[in-house]
Amino acid sequence: MSSPDPEALRHHLYMEFPGFPHSHVSPWPAEEHAKFFPSFPSMPEYLSRFDMLLAEDTAWLVRKMEAPTPLTRDEQMTHCKDAGQCPVIDSPGRGLCPGMNGQVEVEDRCLEQVHTLVLEEVLKDIETACKLLNITPDPAEWTSGQVQKWLLWTEHLYRLPPVGRAFQDLSGSELCMLSEDDFRQRTSQCGDVLHAHLDIWKSAAWMKERCSSESNHTFLGADEVCTEADSSCTGQPIHLWQFLRELLLKPHNYGRSIRWLNKEKGIFKIEDSAHVAKLWGIRKNRPAMNYDKLSRSIRQYYKKGIIKKPDVSQRLVYQFVHPV
DNA sequence: CATGAGGATGGGT
DNA sequence: ACCCATCCTCATG
């Protein structure tokens, strides 16, 4: 029995759910948590409400891998109920979920692999967000301005209700000291969700710290997380075209707002112009940014040969002149 | 009414 | 000098 092909699994996690995440948070029972994060018993309870795609997916992975699980989660949003929709899991001859006794070791290996992938993807997402926001991964290091930036970003990315001035003038370390109840009290709703997101960041920073202090690169190659050679670390302000590229690189986070129509040719479509403009405005500290102004900046690229309209011009569709 | 092209101006680096 | 951000006019569907 072969273990699951990580590439296939990654492909599945990313590509089968282009519309991820927005909107739903599902409880993640503590026992599930312990299964998925056995190496990190001290990770706080945030993972118990891990409202990211990977948790959504791993939730049904668990169901598939174990005997039917009495999960009380709302099944409405579960993307994959019948076998036909689970290409990776149900590939014949590739038993990720053998569904019979005596396969415990294989299942443990699968779980370990999923576990590693989950952490890998979470850390990558955080790295991307850091690039886009120009902040450090460790929330404790944030200034109050960076705290505001992160709040705005998170609230827009996950379409949470605005927090307004609930956390105004708080430094990162002060923010990190707040309990989930503090978050709930300071916000009208979804304070727990926000707290969960912050907890994910906190523990990612904690893990990164731990990994580096043990010079242990189990989860990420040094080139994936520790590189200083990209746009975020040069001190130069990020360019709009770079920003758009970064969003496009994370379809499972931003695919609802901007996505490739033809990655090879560099053709992309802005699906939610207001949202993309908002994110750009947060990045540049331009609260009044809108698509009118963003698109004017894109049009400046015509003359520079960075972005053009595709040969068959369509609304909200642009093309990188030099695709990757 | 949202989008699109592009001129003008001014700010920040 | 460069990269927008802002504002504006006119055109298009």
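Here's the yes/no breakdown for (1) surrounded by 14 or more Cβ atoms within 10 Å (Cβ to Cβ); (2) in contact with a strand residue (DSSP E or B) (Cβ under 6 Å, 6 or more places away or on another chain); (3) at pLDDT below 65:
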site: A:Q189; (1), (2), (3): no, no, no
site: A:D192; (1), (2), (3): yes, no, no
site: A:I200; (1), (2), (3): yes, no, no
site: A:S215; (1), (2), (3): no, no, yes
site: A:A222; (1), (2), (3): no, no, yes
site: A:C233; (1), (2), (3): no, no, yes
site: A:H239; (1), (2), (3): no, no, no
site: A:R245; (1), (2), (3): yes, no, no
site: A:G255; (1), (2), (3): yes, no, no
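A single member of A:L111, A:L117, A:L175 is more than 19 Å from the chain's Cα centre (by Cα) and modelled with pLDDT under 90, and it is A:L111.
If I filter region A:265-284 for residues that are at pLDDT 95 or above and touching a Gly at 6+ places or on another chain (Cβ under 9 Å), do I get at least one hit? There is at least one residue in region A:265-284 that is at pLDDT 95 or above and touching a Gly at 6+ places or on another chain (Cβ under 9 Å). Scanning region A:275-298 for residues being closer than 24 Å to A:Q146 by Cα and either crowded, with 18+ Cβ neighbours inside 10 Å or within 20 Å of the chain's Cα centre (by Cα) (or both) gives a total of 12. The C-beta contact set for region A:263-287 (first residue over 18 Å from A:L249 (Cα atoms), second residue surrounded by fewer than 20 Cβ atoms within 10 Å (Cβ to Cβ) and among the aromatic types (F, W, Y), distance under 6 angstrom, 6+ apart or interchain) comprises A:I282/A:W153. Every listed requirement among (1) surrounded by fewer than 18 Cβ atoms within 10 Å (Cβ to Cβ); (2) within 22 Å of A:G255 (Cβ to Cβ); (3) more than 26 Å from the chain's Cα centre (by Cα) is met by A:V324 save one, (3). Among all residues of region A:263-283, there is at least one that is out of contact with any strand residue (DSSP E or B) (no Cβ under 6 Å at 6 or more places or on another chain), under 20 Å from A:L133 (Cβ atoms) and not in a helix (DSSP H, G or I). Residues in region A:148-165 that are surrounded by fewer than 18 Cβ atoms within 10 Å (Cβ to Cβ) and free of Cβ contacts under 8 Å to residues at least 24 places away in the same chain: A:P162, A:G164, A:R165. Residue count for region A:257-274 satisfying the condition of being under 13 Å from A:S295 (Cα atoms) and either among the β-branched types (V, I, T) or crowded, with 21+ Cβ neighbours inside 10 Å (or both): 1.
Being more than 15 Å from DNA strand B (Cβ to nearest atom) and out of contact with any Cys (no Cβ under 7 Å at 6 or more places or on another chain) narrows it down to one residue among A:K269, A:K284, A:K303, A:K265; which is it?
Of A:K269, A:K284, A:K303, A:K265, the one residue that is more than 15 Å from DNA strand B (Cβ to nearest atom) and out of contact with any Cys (no Cβ under 7 Å at 6 or more places or on another chain) is A:K265.
Taking region A:287-300 as the range and being within 10 Å of DNA strand B (Cβ to nearest atom) and small (G, A, S) as the test, the residues that pass are A:S295, A:S297.
The values are calculated or read from the model by the stated rules, or taken from the named source; none is laboratory data. All of these numbers come straight from a predicted model, not from anything done at the bench. Cβ: placed from backbone, ideal geometry, glycine included. Neighbour counts: every protein chain shown.
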